[in-house]
Amino acid sequence: NVWRLHKLSNEWVFQTEQHLIRWAKNELQWVEGAGTLKFSSQIEDAVIVQDLQHGLHRYQNGQLKALPHSENLPPTEVWSCLALNDTQWLIITLTDGAFLYDQHSLRPWNTPASQFLIDYSSLGGTRLTNGLFVFNTILNGYIIADAEGKIVQHTNRNKGLLNDTVLRSYESESGLIW
């Protein structure tokens with residue numbers, strides 16, 4: 001089964017539990033993971049994938065390369081990696097909130113938004129074009145937060161959603177959140 005699909009500048013990357021499949025120039029190439037591949041995210045022209053046994057890896061030029069310090073993540077699923085700014089990423093986990101990653105270190109993102117994700121189990125998120133973030137939860141809808149982790153909006157079943165589980169979020173070309 002293909003879990004996620006990513007369009008890079010000159011290729012498509014399909015993510016399964018065992019491989020990444022690269023499609024470029026009308027050719028398929030299987031890129032083996034060392035262990036079980038969970039979820040993948042795209043940050044600009046890079047695909048980041050979680051290997052459950054070996055931490056986060058970056059897909060580049062047909063190869064998976066381990067990201068330094070990512071082995072220090074708690075043993076939980078990573079649902080999204082999002083660019084916080086030019087040098088830092090947010091790594092969103094299922095049960096342990098968000099972490100700041102900058103290639104040299106990994107540390108908890110100690111903010112109200114991250115605590116909300118710990119309390120209500122996160123299913124990842126999306127960075128909006130205005131710089132805000134949408135974070136999805138299993139138990140309490142979604143929040144919109146700024147880059148400092150301050151919650152600026154919370155929407156759940158009591159505020160109009162059909163239920164409190166938000167599996168994915170997406171920003172349309174017109175700026176609507178789906």
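The values are calculated or read from the model by the stated rules, or taken from the named source; none is laboratory data. Quick caveat, the model's predicted, so the values are computed rather than measured. Cβ coordinates were reconstructed from backbone atoms using ideal geometry, including for glycine residues, and neighbour counts include every protein chain displayed. Ligands, DNA and RNA are excluded from the accessible area calculation, which covers all protein heavy atoms including side chains. Shrake-Rupley method; radii C 1.70, N 1.55, O 1.52, S 1.80 Å.
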From Leu132, Leu128, Leu94, residue being out of contact with any Lys or Arg (no Cβ under 8 Å at 6 or more places or on another chain), modelled with pLDDT of 95 or more and open to solvent by less than 20 Å² (accessible area, probe 1.4 Å): Leu128
Of residues in region 68-91 being farther than 19 Å from Leu37 by Cα and part of a loop (DSSP other than H, G, I, E, B), the one least open to solvent (accessible area, probe 1.4 Å): Leu84
Pairs, first without any contact (Cβ under 8 Å) to a residue 12 or more places away in the chain in region 151-174, second surrounded by 14 or more Cβ atoms within 10 Å (Cβ to Cβ) and of a type outside the set (Gly, Ala, Ser), C-beta under 8 Å, six or more apart: Gln153/Ile143; Gln153/Ile144
Residue that is farthest from Asp146 (Cα to Cα), among those in region 92-134 that are in contact with a Gly (Cβ under 9 Å, 6 or more places away or on another chain), among the β-branched types (Val, Ile, Thr) and not in a strand (DSSP E or B): Ile118
Leu161 vs. criteria closer than 28 Å to Gly55 by Cβ and either of a type in the set (A, V, I, L, M) or not in a loop (DSSP other than H, G, I, E, B) (or both): no
Residue list for region 97-125, filter: open to solvent by 40 Å² or more (accessible area, probe 1.4 Å), farther than 23 Å from His57 by Cα and not β-branched (Val, Ile, Thr): Asn110, Pro112, Gln115, Asp119, Tyr120
Top-ranked residue in region 18-36 [being modelled with pLDDT of 90 or more and in contact with a strand residue (DSSP E or B) (Cβ under 7 Å, 6 or more places away or on another chain); ranked as nearest to Gly125 (Cα to Cα)]: Leu20
